[in-house]
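Chemist: One structure, pasted below without further comment.
We did not get these values from a lab; they are worked out from the coordinates using the rules stated. In this text the structure is predicted, and so the values were computed from the model without any measurement. Neighbour counts run over all protein chains shown; Cβ positions are idealised from the backbone, glycine included.
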Amino acid sequence: MDRYFFRVEHELLRSEAFKTLGGSAIKVYLVLGLHSDFGTGWSFPSIRTIATRAGLSRQTVLSALDELAAAGLVAIQREQGKPNAYRLLQPTPPRPTPSRRKPDRPSGPISFEEPPATGPDSLDQNRSSGQKSLELLSQFFDASGHDLRPKQETRTKPKHNAPTASVPIPGTPFQLTAEGRLQVTVDLKELLTDQGLPPRIAQKLLAQKDAEAVAKVLLNAFYLKSQGKLQNGPGYIRVGIEQGYDLLPQVADRLESRRRELQAQIRAQARRAERRQAESKADEEAAAIAMVLERLGPAELENLVSQALASLPAPLVRRNPTLSNPFVRARVYELAGGEPLE
Amino acid sequence: MTTAAPAPVQADWLKELLFDRGYLARIKGEAIKVYLVIVQACGGRPDRSVRLSLAQIQQRTRLSCPTVIESLQRLERLGLVVSTTREPGRAKTYYVPNPPAA
């Protein structure tokens with residue numbers, strides 16, 4: 001008797017028939033399982049008994065029996081003058097579910113080389129205007145300006161630990177790190193001389209100030225030039241470096257928004273990497289478990305499942321019979337640390 | 001010759017609940033499918049809770065959404081299932097108590 005009722009839970013629920021059968025047929029199946037003879041597997045309940053147990057009408061029971069017979073779950077033996085005999089049959093094993101692997105994500109790290117489409121506006125807006133000394137710099141305002149690679153390893157590169165992730169500032173030869181620092185990828189001396197500063201003064205300024213301060217002034221100059229507001233480029237740059245000009249608010253705002261985007265990209269990349277790692281670990285564990293389970297026989301597997309369930313700690317509510325209200329029991333269960341099963 | 005008593009199966013409490021206490025006759029046909037799915041998700045043991053979405057129940061019972069909702073309401077009224085979370089947009093957590101004998 002128990003055998004069949006036990007099977008209802010474990011095999012009928014997993015079978016495809018459970019989804020297609022109506023609720024009345026399930027109820028009749030349960031009643032037949034309850035009445036099944038332990039030795040032979042046959043059951044002989046009358047229609048009235050089934051109807052009473054299941055809370056259905058006689059006609060509904062008859063329809064449900066036909067449904068179960070059609071689904072191949074019950075064998076019915078009808079003989080004149082004898083009670084009907086029913087035998088529960090093994091439900092069809094569930095179809096193997098296809099593995100639900102998510103589509104592969106790009107495996108490599110996200111490249112920050114390409115500027116995002118939603119990036120801040122380029123500092124280049126009025127490229128045509130400007131002095132002759134700034135003409136060479138106009139190449140940096142091109143869309144491909146960030147593709148310019150340093151001609152050599154310059155000594156103006158920051159001495160501190162260079163951050164691994166940086167994003168180019170469109171229209172300039174500089175890069176912005178996630179920490180908000182400016183990274184220079186070209187020879188600053190050459191850049192300053194291209195702006196019209198004498199090489200001797202450029203050398204002197206670079207010796208006095210660090211690369212980031214020079215880059216800030218140059219960014220200001222690029223912006224002012226793009227706005228057509230720079231009358232004396234070399235003079236502005238020289239005074240700006242000597243006085244230690246900070247970034248113009250307009251430039252600082254654009255850099256800040258750029259920096260936030262970069263940080264968001266880095267965080268997303270880290271999250272994706274963590275997720276990939278967790279998924280691969282879970283896949284490995286699942287494969288190992290599946291391999292072990294494949295080697296186990298059904299009886300051994302059943303026994304192990306029963307042992308595992310029995311070894312779980314009994315919830316607090318089971319030790320407290322005074323809690324008769326199911327709502328209170330649910331609350332106590334949660335407070336006792338009973339995490340819901342997923 | 002003594003034979004070892006068979007180990008109690010995990011469905012004993014369910015059998016007692018459905019037949020001895022007469023809950024099977026009080027549950028509608030669709031509701032018994034929903035209830036069995038929740039019990040199965042709880043590992044076949046009472047006094048546990050499980051987080052299940054309507055879509056998951058629908059997929060396992062092949063019932064319509066209104067039918068699943070109605071069945072859950074019936075089960076809650078009977079005290080067979082207690083939904084403990086009501087966060088909109090998130091799957092509910094259902095606690096399966098072993099209700100005391102009426």
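Chemist: From the phi of every residue in segment B:54-68, what ³J(HN,Hα) in whole Hz does the Karplus formula 6.51 cos²θ - 1.76 cosθ + 1.60 yield, where θ is phi - 60° and glycine or proline is x?
Modeler: Residue by residue, segment B:54-68 yields 4, 5, 5, 5, 4, 5, 7, 9, 6, 9, 6, 4, x, 5, 5 Hz.
Chemist: Quick query: amide H of A:TRP42 versus all other amide H atoms, modeled in the peptide plane; which residues come in under 5 Å with a sequence gap of 5 or more or a different chain?
Modeler: A:ASP37
Chemist: Continuing with this model, one more query. Roughly what % of Cα-Cα distances in chain B sit above 19 Å, to the whole percent?
Modeler: Working: 2174 of 5151 pairs.
Across chain B, Cα pairs with separations above 19 Å total 42 percent.
Chemist: If you don't mind, another one. Taking chain B as the reference, fit the longest principal axis to its C-alpha atoms, fit the long axis of helix B:29-41 to the helix C-alpha atoms, and give the angle between the two in degrees, 0 to 90, nearest 10.
Modeler: With rounding to tens, the tilt is 70 degrees.
Chemist: How far apart, in nanometres, would the label points at A:GLN203 and A:TYR245 be if each is projected 7 angstrom from Cα along the Cα-to-Cβ direction?
Modeler: 2.5 nm
Chemist: Quantify how strongly other chains surround peptide B:28-34 by giving the mean number of their Cβ atoms within 10 Å of each of its Cβ atoms. List each step's numbers first, then the result.
Modeler: Numbers: counts 4, 13, 4, 2, 8, 9, 1.
Taking the mean over all residues of the peptide, I get 6.
Chemist: Pull up all non-local amide H partners of B:ASP47: gap of 5 or more, or a different chain, and H-to-H distance under 5 Å with H placed in the peptide plane.
Modeler: B:VAL96, B:ASN98
Chemist: Could you run the Karplus curve 6.51 cos²θ - 1.76 cosθ + 1.60 with θ = phi - 60° over segment A:288-296 and give me ³J(HN,Hα) per residue in whole Hz, x for Gly and Pro?
Modeler: These are the phi-based 3J(HN,Hα) values: 5, 5, 4, 5, 5, 5, 5, 7, 8 Hz.
Chemist: Given a Förster distance of 41 Å, report the FRET efficiency between A:ASP210 and A:GLU285 from their Cβ-Cβ distance, rounded to the nearest 0.05. Could you put the intermediate results ahead of the total?
Modeler: On the way: r = 51 Å, r/R0 = 1.24.
It comes to 0.20.
Chemist: Got a sec? How would A:PHE18, B:PHE19 order by Cβ neighbour count within 10 Å, fewest to most?
Modeler: Working: A:PHE18 25, B:PHE19 18.
Result, fewest neighbours first: B:PHE19, A:PHE18.
Chemist: For A:GLN183, list long-range residues whose amide hydrogen, built 1.01 Å from N in the peptide plane, is under 5 Å from its own amide hydrogen.
Modeler: So A:GLN183 has HN proximity to A:GLN175, A:LEU176, A:THR177.
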